[in-house]
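Peer 1: A single structure is presented below for examination.
Throughout, read-outs are computed from the coordinates displayed, never taken from laboratory work. The structure presented is a predicted model; accordingly, all values stated were derived computationally and were not measured. Cβ sites come from the backbone with ideal geometry, for glycine too, and all protein chains shown count toward neighbours.
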Amino acid sequence: MAEQPPHDPWSDPAFELAVRETAYFLWEQDGKPFGREQEYWFRALERQLRERNADRDLANAPRRKTTG
């Protein structure tokens, strides 16, 4: 089975919203510093991409058989 090309996260409105909310949360946690919008946006973007990749990896991982 051929590997699918990576999904463009920006085609998903929920992804952009998650980045926005994460950036705002990080900014608030740091005391709402002035003039650092891009820093928080990129930190949030990196975090959301890592989370999305981890979710994808878990979904594609082989399932372990359970005994019971």
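Peer 1: What's the exposure ranking of 24, 40, going from fewest to most Cβ atoms within 10 Å?
Peer 2: Taking fewest neighbouring Cβ atoms as first place, the list is 24, 40.
Peer 1: Ok, one more. Between residue 54 and residue 20, what length comes free when the chain is fully extended (0.36 nm per residue of separation minus the Cα-Cα distance, one decimal in nm)? Write down the numbers at each step before the final one.
Peer 2: On the way: separation 34, 0.36 × 34 = 12.24 nm, distance 1.95 nm.
Extending this stretch completely gives an extra 10.3 nm.
Peer 1: Could you give me the percent of Cα pairs per 5 Å distance bin for the chain, shortest bin first, beginning at zero and ending with the bin that holds the maximum distance?
Peer 2: 3, 14, 19, 18, 13, 11, 8, 6, 4, 2, 1, 0
Peer 1: Taking the Cα centre of region 10-57 as origin and charging only Cβ (+1 Lys, Arg; -1 Asp, Glu), how large is the dipole, in debye to the nearest 20?
Peer 2: On the way: 8 positive and 11 negative charges, 17 e Å.
That gives a dipole near 80 debye.
Peer 1: What angle do you read, to the nearest 10 degrees and between 0 and 90, between the alpha-carbon axis of helix 37-60 and the longest principal axis of the chain?
Peer 2: In the chain, helix 37-60 runs at an angle near 10 degrees to the longest axis.
Peer 1: Positive end of the dipole of the chain, charges at C-beta (+1 Lys, Arg; -1 Asp, Glu), about the Cα centre: which of 59, 17, 38 has its Cα farthest in that direction?
Peer 2: The one lying farthest along the dipole's positive direction is 59.
Peer 1: Right, here's the next one. What ranking of 58, 26 emerges when the number of other C-beta atoms within 10 Å of each C-beta is taken as an exposure proxy, fewest first?
Peer 2: Working: 58 8, 26 16.
Fewest-to-most Cβ neighbours within 10 Å comes out as 58, 26.
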